[in-house]
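Colleague: Sending over a structure as C-alpha cells; questions will come in a sec.
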Amino acid sequence: MSTHITLNRLSFSWPDGTRVFDGLDAAFSDGRTALIGDNGTGKSTLLRLIAGTLAPESGAVTASGLVAYLPQELPLRLGDTVADLLGIAAKRRALAAIEAGDADEAHFGVIGEDWDFLDRSRLALDGLGLDHVGLDRTVATLSGGESMLVGLAGKLASRPDVLLLDEPSNNLDGTARERLYQAIRGFSGTLVVVSHDRRLLEHVDAVAELYKGRVRVFEGAFDAYERAIEAEQEAAARAVRDAKQDLTRQKRELVAARVKGDRGAAAWRRERDAGGTPKIVLNGKKSAGEASNAKYLGAKREDVTEAKDRLDAAEESLRDDEAILVDLPETSVSSHRDIAHLKRLDVAGLFGDGLDLHIRGPERIAVTGDNGAGKTTLLRAIADAAHVPHGFLTQRLELLDDGASVLDNVRARAPEAGEGLLRTRLARFGMRRDAVFQRVSTFSGGQRLRAALASVLSAQPAPHLLLLDEPTNNLDLTSTRQLQQALTAYRGALVVVSHDEAFLDGLGLTRRIGLERGAGIASDAAPGPV
C-alpha cells in the first residue's frame with residue numbers, strides 16, 4: 001500500500017496556549033482508515049491540519065493529490081441552495097450563461113475542463129438516495145441528515161484522491177447511514193474518517209488510534225483493533241501485578257537488611273560492653289560492619305527505586321477506561337407493573353390513524369425509524385402517559401443546569417439526600433473529589449451524559465422508567481461503552497431512541513419498535529433488525 005498522507009514532527013497549539021500535538025509523526029496509506037480516540041484528543045484538529053484549514057506551528061503535512069474535507073458541522077446558510085452546498089453554484093451559473101449565448105472568457109474559466117460537473121453531481125446525489133433533492137432547493141428545507149449527505153455528495157463528485165470525513169453519520173437515520181456506508185465502501189482513494197459509529201468502523205481497512213498525543217495504526221477493521229488492545233491490556237495488567245509483587249519483595253528485603261544491620265550493631269555493642277576485645281579490633285569490626293551494611297542498604301534502596309520505576313512504567317501502559325457499574329435496586333419494578341399506556345396517539349398526523357402502545361414491567365425497548373417518523377414525539381408522549389416516576393434524557397440534556405456544579409444538579413433532584421451519599425453516587429459515575437464542584441458548562445459530551453445519568457438515577461423517588469433520546473450522539477467510544485455499562489445496572493423500564501445499532505445490541509433489549517413516517521408503528525417485536 002502506498003502512503004498518501006504523511007505528518008512529520010507536527011506541533012500545534014490553540015491561541016490560548018493549549019497544546020494539542022507536540023512532534024506528532026503519522027502516516028495514512030491508501031484505503032479506508034478510521035481515526036478514533038476519546039473526545040478532546042484532537043481528532044478533528046488533525047483532520048483540519050491535513051486539510052489545510054489549520055496551519056501547524058512546526059512540522060510538515062504532506063497529502064498526495066486533491067484533498068476533500070467534510071467537517072462535522074457544515075457551514076450552512078439557510079438561503080443557500082443545494083448547488084451551493086455541492087460547491088457547483090458558480091459553475092452552474094457560468095454554464096447557464098454560456099448556453100444562453102454569452103461567450104465571455106470568464107465563464108469558460110470558471111468551468112475549466114470540468115464540463116461534466118452536473119452529471120457527476122447528480123450521480124453522487126442519486127447514489128446517496130437524494131434523487132428527490134433538486135439543485136435549487138434551499139438548505140432551509142433540508143434535514144440535518146440530508147444536508148450532511150448533500151455535502152458528502154459534493155466531495156465525492158469532485159473526485160478527490162484524499163477524502164477526510166469528520167463524524168459523517170451524526171444525525172443520519174438508519175437508511176441514510178446505510179447509504180453512507182455504501183459510499184465509504186465504494187471510495188477508491190485514501191479515506192480517513194473520524195467516527196464513533198461501530199457499524200461504520202466495520203467498513204474500514206485500518207484503525208488509527210490517537211492516544212496520548214500519538215497515532216498508532218492497526219491493520220483490519222474495528223474488531224481487530226479491539227482484539228489487539230485487549231491483548232495489550234491483559235499483558236499490561238500482568239506486568240502491573242508482577243511489578244507490584246516485585247516491589248513488595250524488594251521492600252521486604254530492604255526492611256530485612258535494616259534489621260540485619262541493627263542486629264549487627266547490637267552484637268557489636270554487647271561485645272564492647274562485655275570487654276576482653278581490644279579497642280582497635282572493635283573499631284575495625286564496627287567500621288567493616290557499617291561499610292558492609294551501608295553498601296547493602298544502598299543496593300536494596302536502588303532495587304526498591306528500580307522496582308517502583310518498573311511499576312510506574314507498567315501502570316503507564318494500563319489504560320484507565322473506568323467502568324460505570326452502579327447498583328440500583330431502588331429502580332426495580334415488578335414484571336406486572338403498568339408503566340405507560342398510550343391509546344390512539346396522533347400528533348400532527350405523524351402516527352396515521354393513531355398509535356397504541358402498552359409498556360409493562362422492566363421492558364427494554366429500542367425505538368427506531370427514519371428521521372421525521374416521530375421517535376422523539378413518541379418519547380415525550382410516553383413520558384406524559386407514565387404511571388411511574390420517570391427520567392427523560394433528551395438529546396441536548398436540557399435537564400442539566402449548565403451554570404451549576406454537578407453536585408448541585410444531583411442535589412436538586414434528591415434534596416433530602418446527604419452530601420456524602422450524593423458524592424458516593426457521583427464517584428460511581430467517575431466524578432470524584434473536586435470534580436463534583438465543577439460547572440457542567442465545562443464538561444465534555446461524555447462527562448455531561450454521566451452527570452445527567454447521575455442526576456436522573458439519584459433522584460428521589462428513583463425512576464422506574466428511563467427514556468433516552470439518541471444518547472450516543474457526539475459520544476466517543478469509551479463514553480458509549482460506559483453508558484452501556486451503566487444502563488446494564490438499571491432495573492426499571494427502558495426506552496431508547498437510537499440509530500446506533502451496535503449500542504442497542506449491548507443493552508439486552510426485550511423489544512424493538514420501528515416507526516414509519518405517517519404510519520405509526522411499522523413493527524413491534526422481540527430484538528432483531530427492524
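The values are calculated or read from the model by the stated rules, or taken from the named source; none is laboratory data. Note that the structure is a prediction, hence the values are computed from the model and not measured. Ideal geometry is used to build each Cβ from the backbone, glycine not excepted, and the neighbour counts take in all protein chains shown. Note: accessible area is taken over every heavy atom of the protein model, side chains too, but ligands, DNA and RNA are not part of it. Shrake-Rupley method; radii C 1.70, N 1.55, O 1.52, S 1.80 Å.
Colleague: I need the shape label for region 36-181. Rule: rounded when a/c is under 1.5, else prolate if a/b > b/c, else oblate, with a, b, c from the alpha carbon gyration tensor.
Modeller: Verdict is oblate for region 36-181.
Colleague: Restricting to region 393-530, compute how many DSSP beta bridges are antiparallel as a %, nearest 5.
Modeller: Within region 393-530, antiparallel bridges account for around 50 percent of the total.
Colleague: Report the local net charge at residue 44: Lys and Arg +1, Asp and Glu -1, summed over other residues whose C-beta lies under 14 Å from its C-beta.
Modeller: Once all neighbours under 14 Å are counted, the net charge is -3.
Colleague: Now a separate question. Keeping all protein chains in place, calculate the accessible area per residue for the chain (probe 1.4 angstrom), answer in Å².
Modeller: On a per-residue basis, 48 Å².
Colleague: Moving on to the next point. Using a 1.4 angstrom probe on the protein heavy atoms only, line up 315, 398, 416 by accessible area, largest first.
Modeller: 416, 398, 315
Colleague: In the neighborhood of residue 389, defined by Cβ-to-Cβ distances under 15 Å, what is the net charge if each Lys or Arg adds +1 and each Asp or Glu adds -1?
Modeller: It works out to a net charge of -1.
Colleague: Could you check what % of the DSSP bridge pairs in the chain are antiparallel, to the nearest 5?
Modeller: Antiparallel: roughly 45 percent of the beta bridges in the chain.
Colleague: Using θ = phi - 60° and the Karplus form 6.51 cos²θ - 1.76 cosθ + 1.60, what ³J(HN,Hα) does each residue of region 25-35 get, whole Hz, x for Gly and Pro?
Modeller: 10, 6, 8, 10, 8, 5, x, 9, 10, 8, 9
Colleague: Rounded to the nearest 20 Debye, what is the dipole magnitude of region 67-219 about its Cα centre when Lys and Arg each give +1 and Asp and Glu each give -1 at the C-beta?
Modeller: 540 debye
Colleague: Explain nothing, just the number: relative contact order of region 343-474, from Cα pairs under 8 Å at least 6 residues apart, as a whole percent.
Modeller: Dividing the mean separation by the residue count of region 343-474 yields 31 percent.
Colleague: Now for a separate question. Hey, what do the phi angles of region 447-460 turn into as Karplus ³J(HN,Hα) couplings, whole Hz, using 6.51/-1.76/1.60 and θ = phi - 60°, x for Gly and Pro?
Modeller: Residue by residue, region 447-460 yields 5, 4, 5, 5, 5, 5, 4, 4, 5, 5, 6, 9, 4, 10 Hz.
Colleague: How big is the accessible area of residue 36 in square angstrom, nearest 10, if you roll a 1.4 angstrom probe over the protein chains?
Modeller: Number for this one is 10 Å².
Colleague: Quick one: putting +1 on the C-beta of Lys and Arg, -1 on the C-beta of Asp and Glu, what dipole do you get for the chain around its Cα centre, in Debye to the nearest 20?
Modeller: Result for the chain is approximately 3380 debye, rounded to the nearest 20.
Colleague: I'd like the orientation of helix 89-99 relative to the chain: the angle between its Cα long axis and the longest Cα principal axis, in ° from 0 to 90, rounded to 10.
Modeller: 30 degrees
Colleague: All other residues with a Cβ under 13 Å from the Cβ of residue 22 taken together, and with Lys, Arg as +1 and Asp, Glu as -1, what is their net charge?
Modeller: The answer is +2.
Colleague: Something else now. Taking the chain as the reference, fit the longest principal axis to its C-alpha atoms, fit the long axis of helix 279-317 to the helix C-alpha atoms, and give the angle between the two in degrees, 0 to 90, nearest 10.
Modeller: Computed tilt is about 10 degrees.
Colleague: Need the full-extension length gain, residue 334 to residue 244, defined as separation in residues times 0.36 nm minus the C-alpha distance. One decimal, nm.
Modeller: Full extension of this stretch gives 27.8 nm more.
Colleague: Just to be sure I understand, if you calculate Kirkwood radius over Cα pairs in Å for this structure, which of (i) 24.0; (ii) 27.7; (iii) 29.5 do you get?
Modeller: (ii)
Colleague: At a 1.4 Å probe radius, carbon and sulfur cover how many percent of the accessible area of the chain?
Modeller: 49 percent
Colleague: Treating the angle as unsigned and between 0 and 90°, give the value, to the nearest 10°, between the Cα long axis of helix 477-489 and the longest Cα principal axis of the chain.
Modeller: Rounded to the nearest ten degrees, it is 80.
Colleague: If you take the beta carbon distance between residue 308 and residue 205 as r and set R0 to 35 Å, what does 1/(1 + (r/R0)^6) give as a FRET efficiency, to the nearest 0.05?
Modeller: Calculated transfer efficiency: 0.25.
Colleague: Among 193, 59, 276, pick out the residue whose Cα is farthest towards the positive end of the charge dipole of the chain, where Lys and Arg carry +1 and Asp and Glu carry -1 on C-beta, about the Cα centre.
Modeller: The one lying farthest along the dipole's positive direction is 276.
Colleague: Using a 1.4 Å probe on the protein heavy atoms only, what accessible surface does residue 11 show? Give it in Å² to the nearest 10.
Modeller: Counting only protein heavy atoms, the figure is 10 Å².
Colleague: Sticking with this structure for a sec: Could you sort 375, 212, 155, 260 by accessible area so the largest value comes first, with the probe set to 1.4 Å?
Modeller: Output order, biggest surface exposure first: 260, 212, 155, 375.
Colleague: Long-range amide H contacts for residue 21: which residues qualify at under 5 Å (H placed 1.01 Å from N, peptide plane, sequence gap of 5 or more or a different chain)?
Modeller: Under 5 Å from the amide H of residue 21 lie the amide H atoms of 12, each far enough along the sequence or on another chain.
Colleague: Considering only DSSP beta bridges whose two residues both sit in region 142-243, what percent are antiparallel, to the nearest 5?
Modeller: Here the antiparallel bridges make up roughly 55 percent for region 142-243.
Colleague: Right, another one. Run the 1.4 Å probe and let me know the accessible area of residue 105, rounded to the nearest 10 Å².
Modeller: Solvent-accessible area, nearest 10 Å²: 140 Å².
Colleague: Could I have the simple spin-label model distance between residue 58 and residue 356, label points 7 Å from Cα toward Cβ, reported in nm to one decimal?
Modeller: My value for the distance between the label points is 7.3 nm.
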